[in-house]
Ligand code: ARG
């Protein structure tokens, strides 16, 4: 069954056409002013400019051209020429009935599914995960789930930073610290030990010291560069040691990401594209896309309309080493060869905007990316602390992801006790629930603020059970689950909706019907915040509805049945949308 908004758009496209105008003005949108109407068609205003006519006249003509139908109950013209549309209750009910009976809540799979690679995460090996990695993970995971829900073929790739200077720094400082390890003996040709020579904690300490050294000590820096170069060049012992370091880092990262319910399909890294670099360079050279500039090999990516001159895209530095830009370009090459995607999305901090502009231009200009490959930087702002600066620990250092998440879960636990949620539950269940509540607080807050904006992480506010928060949404969902459970325990059947009896009931129904539009808009603009806003409003409406109508004690059976259907559909939508946001819902709390 087609979404009502689609049926209406079809009617208005035809009406515009029949009235002598371009059908493209017939798009119908959900009304922002519910007290006036359910839907609006605002095309008469844009058409008026083009046809040099009065918008009101156009609207009048269009309305009289709308074909007879069973959907619209009333149309009127408001303001300068907006067409307000009110639909029939029966149509609304029929659509909800369909949503409720459909496994996919009436959302159809995209007719032209795309293969999309989403590059989100990008943590660097050996550096502990910190709060800076949160937004990429949360946003990327939500976009992945949303795209999948809409029928796209999506591959989530973590794209580890496992090939840069930090690897050389660690190797060089380990070599100083323990020169006798077999990894450093170039004549060694036995089996390297199974066990990693360092633990994740050692690694983080080595990294932290080595990066300080590299900043202040030129000699250390050049040793690190040399080690990086030799590693990339294939020095056997270095590669073996590197592999150990990557493996223990990945184990640690997996534990962190799983706390957040973030799952990657691919655990590839910058290093995986290394083997493609010779082909890439060869291709670029043969086709004259590269030139030498002060000893470096670069690609010119300027365009005539540029307001500020963009620096050329660096491929190989004058000392022969490769850069972040090189691995990103060779990764595009690799992804095309291995997966042939239609789209590649990079969910990365907005501060890397120039890098991605350069990268995409380089890929296009050199025809590595064909015109049909869509490349997009899905940028996001910073998560700040209460002081408005990037979130830090109390002593001013960068907060580790693990500690950060744990502190939210602890806070959620306290909240649960404070509010009396899950009161008679075992300590274990309480803990499980606080984990879900804590993660919901973090993820909902993160996704709720428009991705391009910086936002302030306020743990007290976000963990409240009231207001626009994850816990409020979980609470509402669980409340509905419990109503449904009681109905089932009392062997009440419910399959049929009835036309709404009250204003609030109709409002709730109209909101439920919006799901298709919300998900598709969120996908189009890559804005999960639209889903968050939607489920928040839906929860508010449900709670008002529940306050006004006593569902379980209703004596009219058909009425009670209809309200239970409404509750069930609300619950399914909440659970589905929360799941798209990467948020799990407890069965009870
Ligand atoms: N590792 C990078 C960093 O720490 C982020 C990687 C983002 N992804 C990409 N394909 N460039 O800044």
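Values in this text are rule-based calculations from the coordinates and carry no lab data. Keep in mind the model is a prediction, meaning the values are calculated, not measured. Note: ideal-geometry Cβ built from the backbone for every residue, glycine included; neighbour counts use all protein chains shown.
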Looking only at region 358-405, which residues are more than 14 Å from the ligand (Cβ to nearest atom), under 19 Å from the mean Cα position of the chain (by Cα) and assigned to a loop (DSSP other than H, G, I, E, B)? 381
In region 334-355, residues that are over 18 Å from the mean Cα position of the chain (by Cα) and within 8 Å of the ligand (Cβ to nearest atom) total 1
Among the residues of region 124-152, write down those that are more than 17 Å from residue 244 (Cα to Cα) and assigned to a loop (DSSP other than H, G, I, E, B). 129, 150, 151, 152
Report whether or not residue 83 is buried (at least 19 other Cβ atoms within 10 Å of the Cβ) and away from the ligand (no atom under 16 Å from the Cβ). yes
For region 111-153, name all the residues that are more than 16 Å from the ligand (Cβ to nearest atom) and in contact (Cβ under 8 Å) with a residue 24 or more places away in the chain. 113, 114, 115, 142, 145, 146, 147, 149, 150, 151, 152, 153
Going by the conditions given, is residue 401 surrounded by fewer than 17 Cβ atoms within 10 Å (Cβ to Cβ) and touching a residue at least 60 places away in the same chain (Cβ under 8 Å)? no
Any chance residue 359 is free of Cβ contacts under 8 Å to residues at least 60 places away in the same chain, in contact with a helix residue (DSSP H, G or I) (Cβ under 7 Å, 6 or more places away or on another chain), surrounded by fewer than 17 Cβ atoms within 10 Å (Cβ to Cβ) and under 19 Å from residue 376 (Cα atoms): no
Scan region 44-52 and tell me whether some residue there is under 25 Å from residue 513 (Cα atoms) and free of Cβ contacts under 8 Å to residues at least 60 places away in the same chain. no
Suppose we filter 116, 155 for residues that are touching a helix residue (DSSP H, G or I) at 6+ places or on another chain (Cβ under 7 Å), buried (at least 20 other Cβ atoms within 10 Å of the Cβ) and not in a loop (DSSP other than H, G, I, E, B); which single one remains? 116
Among all residue pairs at least 6 apart or on different chains, which show Cβ distances below 9 Å where the first residue, located in region 323-348, is free of Cβ contacts under 8 Å to residues at least 12 places away in the same chain and the second is part of a strand (DSSP E or B) and surrounded by 21 or more Cβ atoms within 10 Å (Cβ to Cβ)? 323/315
Identify, please: which residue in region 18-46 is within 36 Å of the chain's Cα centre (by Cα) and part of a helix (DSSP H, G or I) and is, among those, surrounded by the fewest Cβ atoms within 10 Å (Cβ to Cβ)? 24
Within region 71-79, is even one residue away from the ligand (no atom under 16 Å from the Cβ) and not in a strand (DSSP E or B)? yes
Does region 155-194 hold any residues that are away from the ligand (no atom under 16 Å from the Cβ), within 40 Å of the chain's Cα centre (by Cα) and under 23 Å from residue 272 (Cα atoms), and which are they? 171, 172, 194
Is there a residue in region 228-245 that is within 30 Å of residue 432 (Cα to Cα) and surrounded by 15 or more Cβ atoms within 10 Å (Cβ to Cβ)? no
